[in-house]
Amino acid sequence: MGRVRDGFLKVAAATPRVVLADCATNAKHIGTLITDAAAQGVSIIALPQLSITGYSCGQLFTQQALLAAAESALNRLLLIHEPIVSIVGMPVKHNGRIYDCAVVFSGGVIYGVVPRSYGVDSIFTTGRGADGFTTLCGQIVEFGSDLLFDIDGVKFGVEVGDDCRQIVTPSAEMSVAGATITICLDAKEEYSQSYQSLRGRVAHHSAAICGGYIYTSASVGESTTDLVYAGAAMVAECGELLAERERFVRADSLTVADIDVEAIEHARLAQSGAMDDNYRVVDIIQTVAQSPLVRNIDPSPFIPKDLDAGCAEVLALQAAGLAQRLEHTHCSKVVLGISGGLDSTLALLAVVRTFDMLGLDRKGIVGVTMPGFGTTGRTYNNALVLMQELGITLREVSIKAACEQHFRDIELDPSDRSAAYENSQARERTQILMDIANAVGGMVIGTGDLSESALGWATYNGDHMSMYNVNCSVPKTLVRVVTKWAAKVEPNEKVRAALMDIVDTPVSPELLPADDKGNITQKTEDLVGPYELHDFFIYHFILNGFAPRKILAMACRAFEGQYGEDVIKHWLTVFLRRFFAQQYKRSAVPDGPKVTPVSLSPRGGWAMPSDANVTSWLEELN
């Protein structure tokens, strides 16, 4: 079976305890790590710079005995016939000079030797520009700084030591040449505060190259005559540290992570520029049994890790977008419907912030509550509290009589609770908002969120329409989190209580009558599925371009113990069908700010024909 499973490649940064100049003992430690990694289904294992000899051997590297011992140790490692690609550091004598090298091998075959390019000294020769072949362990192998390696269509490259600290690193050049993953064999000393800088650099570099980055550095056993080595090991992907090793551990260790090569390849599709074709690509043919993912899959990818900063930023972005539109149109009044639900609440908070930012009177915000057949006392009262306590202009217009007249006009039996019954209410509310906006010289602010747009859960030319939608790029899960955060920082006790109750209220359009006790009967998530699942689907389908089967596999891991595979697959099918069928609504949406990485605006966020067929995606899922 191939190494890439559901788009993930399992890798390991290994840190062996070394004995300086004792290559045979070091080979035993390295061999154990390789075997253990293979047992875990790891496809690529990387060991530190000069790990076969130890990094701090000094002038001993010029001794023939040490060079011969290093090659003999590599010969022992070649006897390990595990389905894994190993990369070890060792000195290699080539054309009468000594190079600080990374040796790539698997199943007894050496596939290439990559010399260090920068930071060389009186002992080691620069490998920059070196190419050709060398003889190592009786094999004639590729040698040079221009090598890339391919396993199952995934290319990786290797840099050594100070190469990773250049302004333009070899790994950056390799990434331009098509390397999805780059590996750094290092031996960086530790000192106070150095590790945080290293962590940041590794994460930042993986973002800069838009790829996977495996970093491993010298550990216990190196000489401490002048320096200390702590055994740093990290795996990063596109700016995120997936795994890291605890430093100063006095034992061999593996730092294992799953790199999402599909996500990297999808992210690179949007990048332009010429590819660097000055690299030789070496194919590595091996097979490996599938193993479970060790990677943590975030079930809430839209939710910021730093809630305080992230939620404040969402509101700031919404307010910045609206402020620009108001200034451009010389508009000092806005109109929006306030239902007492999550979406209209977040929109109101963003509008209030905008008016405060611009120094406008909050009375220029006209909030309209429009009770209908399904409005409950809970949502109605929360809407009133918000508008009264936030100091905006409050208007109340019941839609019941108008809708009843409309039912008579279109000959609809009021007991017929069809789409016409529901949508007529949404359109009546939109008509009221538009007409009030005309009357006061204002702008209608939309409240529909990203999740509803993706699912098409909006009435065309009803709540689907506005003059500027501040929520268009905010998914439902994030709407809830930002509203809850707003409650936490809200000084007004009445507003805080109303916000918390809104967070706890079931999501509903309230278009069908309440039950005998006045409770909501129409719960959106009972009809279209849990928003936490749909937002997960949206993120990975739109942002990463993942195929349905991969999204299903990731969701099963992310929501393990919460939803079974059959349930997730059912709602993923619903998502795909609705997403394709409802594109025509997204082709005619109003302007609004891009607040999260996902936008479904046809003007630069998501271009898709309204008559695209979903069959291929459903077949792939099944």
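Do we find that Leu315 is in contact with a Lys or Arg (Cβ under 6 Å, 6 or more places away or on another chain) and within 26 Å of Pro593 (Cβ to Cβ) in this structure?
Answer is yes for this residue.
What number of residues within the stretch 492-522 are closer than 21 Å to Ala347 by Cβ, modelled with pLDDT of 85 or more and not hydroxyl-bearing (Ser, Thr, Tyr)?
Selection size over the stretch 492-522: 14.
Taking the stretch 579-622 only, how many residues are more than 25 Å from the chain's Cα centre (by Cα), of a type outside the set (Gly, Ala, Ser) and not in a loop (DSSP other than H, G, I, E, B)?
Here the count works out to 4.
Could you say whether any residue in the stretch 329-336 is of a type in the set (A, V, I, L, M), in the same structural domain as Met467 (by TED's automatic domain parsing) and part of a helix (DSSP H, G or I)?
no
Quick one: which residue in Thr53, Thr125 is closer than 17 Å to Asp162 by Cα, touching a Phe, Trp or Tyr at 6+ places or on another chain (Cβ under 9 Å) and not basic (Lys, Arg)?
It is Thr125.
Return the residue satisfying two criteria in turn: it lies in the stretch 342-366 and is small (Gly, Ala, Ser) and touching a Ser or Thr at 6+ places or on another chain (Cβ under 6 Å), and of such residues it is surrounded by the fewest Cβ atoms within 10 Å (Cβ to Cβ).
This residue is Gly364.
Yes/no per residue for (1) over 21 Å from Gly310 (Cβ atoms); (2) in the same structural domain as Ala319 (by TED's automatic domain parsing); (3) in a helix (DSSP H, G or I):
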site: Ile538; (1), (2), (3): no, yes, yes
site: Phe541; (1), (2), (3): yes, yes, yes
site: Ile551; (1), (2), (3): yes, yes, yes
site: Ala555; (1), (2), (3): yes, yes, yes
site: Glu560; (1), (2), (3): yes, yes, no
site: Ile568; (1), (2), (3): yes, yes, yes
site: Val574; (1), (2), (3): yes, yes, yes
site: Arg577; (1), (2), (3): yes, yes, yes
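Would you be able to tell me the number of residues in the stretch 99-130 that are part of a loop (DSSP other than H, G, I, E, B) and aliphatic (A, V, I, L, M)?
Residues that pass the stated criteria total 3.
Filter the stretch 417-471 down to the residues that are within 20 Å of Ser508 (Cβ to Cβ) and without any contact (Cβ under 8 Å) to a residue 12 or more places away in the chain and list them by number.
Residues satisfying the conditions are Ser418, Ala419, Ala420.
Looking at (1) at positive phi; (2) in a helix (DSSP H, G or I); (3) not aromatic (Phe, Trp, Tyr), find the lone condition where Thr32 falls short.
(1)
With the checklist (1) among the aliphatic types (A, V, I, L, M); (2) in contact (Cβ under 8 Å) with a residue 24 or more places away in the chain; (3) under 22 Å from Leu386 (Cα atoms) in hand, flag the one item Ala487 doesn't pass.
Exception for Ala487: condition (2).
Give me the residue from the stretch 482-499 that is farther than 22 Å from Pro371 by Cβ and surrounded by 17 or more Cβ atoms within 10 Å (Cβ to Cβ) and, out of that set, nearest to the chain's Cα centre (by Cα).
Going through the qualifying residues, I end up with Val482.
Pick out the one residue from Ile303, Ile285 that is surrounded by 15 or more Cβ atoms within 10 Å (Cβ to Cβ) and at negative phi.
Checking each option against the conditions leaves just Ile303.
From Arg245, Arg250, grab the single residue that is at pLDDT 85 or above, touching a Ser or Thr at 6+ places or on another chain (Cβ under 9 Å) and of a type in the set (D, E, K, R).
Among Arg245, Arg250, only Arg245 is at pLDDT 85 or above, touching a Ser or Thr at 6+ places or on another chain (Cβ under 9 Å) and of a type in the set (D, E, K, R).
Across the stretch 121-150, which residue is surrounded by the most Cβ atoms within 10 Å (Cβ to Cβ) among those that are in contact (Cβ under 8 Å) with a residue 40 or more places away in the chain and of a type in the set (A, V, I, L, M, F, W, C)?
Checked the stretch 121-150; the qualifying residue surrounded by the most Cβ atoms within 10 Å (Cβ to Cβ) is Phe149.
Can you pull out the residues in the stretch 151-173 that are over 28 Å from Phe8 (Cα atoms) and without any contact (Cβ under 8 Å) to a residue 12 or more places away in the chain?
Ile167
Return the residues of the stretch 405-423 that are at pLDDT below 95, among the polar types (S, T, N, Q) and in a helix (DSSP H, G or I); say none if nothing qualifies.
Asn423
Suppose we filter Asp504, Asp526 for residues that are without any contact (Cβ under 8 Å) to a residue 12 or more places away in the chain, in the same structural domain as Gly448 (by TED's automatic domain parsing) and closer than 15 Å to Tyr380 by Cα; which single one remains?
Result of the check over Asp504, Asp526: Asp504.
Table: residues versus (1) β-branched (Val, Ile, Thr); (2) more than 16 Å from the chain's Cα centre (by Cα).
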residue: His540; (1), (2): no, no
residue: Ala547; (1), (2): no, no
residue: Ala558; (1), (2): no, no
residue: Gln562; (1), (2): no, yes
residue: Lys569; (1), (2): no, yes
residue: Val574; (1), (2): yes, yes
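What residue, among those in the stretch 197-221 that are surrounded by fewer than 24 Cβ atoms within 10 Å (Cβ to Cβ) and touching a residue at least 60 places away in the same chain (Cβ under 8 Å), is farthest from Gly239 (Cα to Cα)?
Among them, the one singled out is Gly221.
When Lys155 is evaluated against the numbered criteria (1) surrounded by fewer than 17 Cβ atoms within 10 Å (Cβ to Cβ); (2) charged (D, E, K, R); (3) over 24 Å from Ser219 (Cα atoms), which criterion, by number, is the only one it fails?
Only one criterion in (1) surrounded by fewer than 17 Cβ atoms within 10 Å (Cβ to Cβ); (2) charged (D, E, K, R); (3) over 24 Å from Ser219 (Cα atoms) is unmet by Lys155, namely (1).
Do we have any residue at all in the stretch 141-159 that's part of a loop (DSSP other than H, G, I, E, B), in the same structural domain as Cys184 (by TED's automatic domain parsing) and within 18 Å of Cys23 (Cα to Cα)?
no
I'm trying to understand the selection: among the residues of the stretch 428-481, which are over 27 Å from the mean Cα position of the chain (by Cα), outside any helix (DSSP H, G or I) and acidic (Asp, Glu)?
Residue satisfying the conditions is Asp463 alone.
Which condition number does Arg199 fail, the rest of (1) within 25 Å of Asp258 (Cβ to Cβ); (2) in contact with a Ser or Thr (Cβ under 9 Å, 6 or more places away or on another chain); (3) assigned to a helix (DSSP H, G or I) being met?
So Arg199 meets the others, but not (2).
Give just the number: which of (1) surrounded by 24 or more Cβ atoms within 10 Å (Cβ to Cβ); (2) more than 36 Å from the chain's Cα centre (by Cα) does Ala420 not satisfy?
(1)
Go through Ser300, Ser272 for me and flag whichever is assigned to a loop (DSSP other than H, G, I, E, B) and either at pLDDT 95 or above or not hydroxyl-bearing (Ser, Thr, Tyr) (or both).
After applying the criteria, what remains is Ser300.
The values are calculated or read from the model by the stated rules, or taken from the named source; none is laboratory data. All of these numbers come straight from a predicted model, not from anything done at the bench. Here Cβ is always computed from backbone atoms with ideal geometry, including for glycine, and neighbour counts include all displayed protein chains.
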